[in-house]
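Scroll down for the structure; my scribbles are underneath it.
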Amino acid sequence: MDVLIVGSGMGGATTAAALAPSGRRILILERGERLEDTSEARDPEAIFARGHFRPMETWLTPEGARFNPGNYACVGGNTKFYGAVLMRYRAEDFAARRHMGGTAPGWPISYDEIEPWYQQAETLYRVRGAIGEDPTEPPHSGPYPFPPVPDEPEIADLRRRLKRAGLHPASLPLGVDIEQWLARAATPWDAFPDTTGAKMDAESVGLAEALKHPNVELRTGVTVDRLEADASGRITAALTSAGRIAARQVVLAAGAVHSAAILLRSATDSHPSGLANRSDQVGRNFMNHNCSALLALSARRNRSVYQKTLYLNDWYSGGGPNGEPLGNVQLLGRVSGPILAAQTGLPRWLAQVISDRAIDFYVMSEDLPDPDSRVTLRDGEIVLNWTRSNWSAHETLLVELKAGLRRAGFPVILSKAFDRRTPSHQCGTARMGKDPGNSVVTPWGRSHDHANLWIADASVLPTSAAVNPSLTIAAHALRVAHEVAERTAEAAA
């Protein structure tokens, strides 16, 4: 096998799509299966009350308590259930920045270096968006491939009210074909899976593009336990539930937690702390956005179906007591009465009354890297010690947002922080850098320690920024694919 890719989520699928035209023999391993389009995929009670799609997997806290992290194991990974927000990190996210809770270290590359790959990723994932509405929007080398998803009437009214309140609502960059989505069912898309291609997820776009080529194969139901290295340090094979699978190049894209766990589990006498871990950074610097759900109520009824079409970055680059950045605000997928009742335990009738008069927001702040916030193993099981940081910035953002919403005519505002059972953009456990002493991979995603090992998922992100990471993962994966192709071509010459 020329290239073995572990994982079919945003990183793995995008890498495969970019490498597929090269003719190299590519095998993608996925521990889950393809989702079938069942009635539960359109049923809010099945999803939010019964947890129909929620995996049974558990991890451990440092104290030994088990919890269900809500990470999905299926073809397409977590993108099958994501909100389809495909937003670029802002240019300032790539530089060191002072926050209320500490300092973000910055990236080993600049925004200008990753920008062409963002442009390619937006084209691949058919992003709907608009340039020029958000003052924090970084430079684009080209337009979005499609115009933004239009506001429903209540959201168009919200946009006007936010502008009158002195705020700057902008169209959310989305990977959704709205006509096709609504033809499927009148549902929001946060947490609702799709098998019709209406949501631009890793399966329906990246993987579908890759599998158009006869040199690409997907195997499902195969769990990678560890990687094998020879005396020279080259990765020779993956040891899996289906046996030993050899490959010339290995791309790890199992997600921030599982990629770290695979590397740690691969420890040998020659590599006692795990593979790719000369720096002792594998598993460290785990980040998970600080997030809250916020419901803004007024006398107006909200009849929206999907709702999630605008965002605010008024406090993204400043707003703290000394000008520190606070974070991003965007609309949630519509929180209907059944969803609200399932999530809060409220009586169904009361939940419906609240939902009918609420517009729902997702409030997100940056979680800063901390070497003690980490993934480790205990008897082979995953232990997650998440040390939440920068929470004061999140609380300040909530205060600022609530004041702005009151100016916009929302007298009653309810908010609730997400708990650790909610995966909010996990990243950071194998960060990229130029110095092998304090990073795991190069800026192009290649292991400092193993010449044929690459990481193409959220593990490598040095910072979490305060926007959804999916497009940044895709842009990084395109860079990885480019380098894999370049190096394998050199080796063959």
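Would you please name the residue that is nearest to THR58 (Cα to Cα), looking only at residues in region 383-411 that are crowded, with 20+ Cβ neighbours inside 10 Å and within 20 Å of the chain's Cα centre (by Cα)?
Taking the candidates together, the pick is LEU384.
Are any residues in region 151-179 within 21 Å of the chain's Cα centre (by Cα) and open to solvent by 30 Å² or more (accessible area, probe 1.4 Å), and if so, which ones?
ASP177, the sole residue that qualifies.
Run down LEU207, LEU182, LEU211, LEU218 and say which single residue is open to solvent by less than 10 Å² (accessible area, probe 1.4 Å) and hydrophobic (A, V, I, L, M, F, W, C). Talk me through it step by step, then tell me what you get.
Numbers: LEU182 fails: open to solvent by less than 10 Å² (accessible area, probe 1.4 Å); LEU211 fails: open to solvent by less than 10 Å² (accessible area, probe 1.4 Å); LEU218 fails: open to solvent by less than 10 Å² (accessible area, probe 1.4 Å).
It is LEU207.
For SER232, state whether it is outside any strand (DSSP E or B) and free of Cβ contacts under 8 Å to residues at least 40 places away in the same chain.
Numbers: outside any strand (DSSP E or B): yes; free of Cβ contacts under 8 Å to residues at least 40 places away in the same chain: yes.
Yes: the conditions hold for SER232.
For PRO148, all conditions in the list (1) within 23 Å of the chain's Cα centre (by Cα); (2) open to solvent by less than 30 Å² (accessible area, probe 1.4 Å); (3) modelled with pLDDT of 95 or more hold save one; what is the number of the exception?
Failed condition: (2).
Under 6 Å by Cβ, and 6 or more places apart or on different chains, what pairs join a residue from region 326-337 that is within 17 Å of LEU312 (Cβ to Cβ) and modelled with pLDDT of 95 or more with one that is small (Gly, Ala, Ser) and in a strand (DSSP E or B)?
LEU326/GLY319; GLY327/SER365
Which residues, taken from region 458-493, are within 22 Å of the chain's Cα centre (by Cα) and either of a type in the set (Val, Ile, Thr) or under 22 Å from GLY233 (Cβ atoms) (or both)? Break it down into steps so the answer makes sense when it comes.
Pass one, region 458-493, residues within 22 Å of the chain's Cα centre (by Cα): 458-482.
Answer for region 458-493, where residues must be within 22 Å of the chain's Cα centre (by Cα) and either of a type in the set (Val, Ile, Thr) or under 22 Å from GLY233 (Cβ atoms) (or both): SER459, VAL460, THR463, VAL467, THR472, ILE473, VAL480.
Output the residues belonging to region 349-376 that are farther than 20 Å from SER415 by Cβ and within 23 Å of the chain's Cα centre (by Cα).
Within region 349-376, LEU368, PRO369, ASP370, PRO371, ASP372, SER373, ARG374, VAL375, THR376 qualify.
Can you spot a residue in region 299-310 that is out of contact with any helix residue (DSSP H, G or I) (no Cβ under 6 Å at 6 or more places or on another chain), buried (at least 21 other Cβ atoms within 10 Å of the Cβ), outside any loop (DSSP other than H, G, I, E, B) and among the hydroxyl-bearing types (Ser, Thr, Tyr)?
Scanning region 299-310, I find no residue that is out of contact with any helix residue (DSSP H, G or I) (no Cβ under 6 Å at 6 or more places or on another chain), buried (at least 21 other Cβ atoms within 10 Å of the Cβ), outside any loop (DSSP other than H, G, I, E, B) and among the hydroxyl-bearing types (Ser, Thr, Tyr), so the answer is no.
Surrounded by 18 or more Cβ atoms within 10 Å (Cβ to Cβ), at pLDDT 95 or above and closer than 20 Å to SER171 by Cα: is that true of LEU368 in this structure? Spell out the reasoning first.
Values: surrounded by 18 or more Cβ atoms within 10 Å (Cβ to Cβ): yes; at pLDDT 95 or above: yes; closer than 20 Å to SER171 by Cα: no.
So LEU368 fails the test.
Across region 10-39, which residue is most open to solvent (accessible area, probe 1.4 Å) among those that are among the small types (Gly, Ala, Ser) and either over 22 Å from LEU227 (Cα atoms) or touching a Cys at 6+ places or on another chain (Cβ under 9 Å) (or both)? It would help to see each step written out before you state the result.
We begin by selecting, within region 10-39, every residue among the small types (Gly, Ala, Ser); these are 11-13, 16-18, 20, 22-23, 32, 39.
From what is left, the residues that are either over 22 Å from LEU227 (Cα atoms) or touching a Cys at 6+ places or on another chain (Cβ under 9 Å) (or both) are 17-18, 20, 22-23, 32, 39.
On the way: ALA17: 16, ALA18: 46, ALA20: 1, SER22: 54, GLY23: 48, GLY32: 6, SER39: 80 Å².
Filtering first and then ranking leaves SER39.
The values are calculated or read from the model by the stated rules, or taken from the named source; none is laboratory data. None of the values given here were measured: they were computed from a predicted structure. All Cβ positions, glycine included, derive from the backbone under ideal geometry; neighbour counts span all protein chains shown. Ligands, DNA and RNA are excluded from the accessible area calculation, which covers all protein heavy atoms including side chains. Shrake-Rupley method; radii C 1.70, N 1.55, O 1.52, S 1.80 Å.
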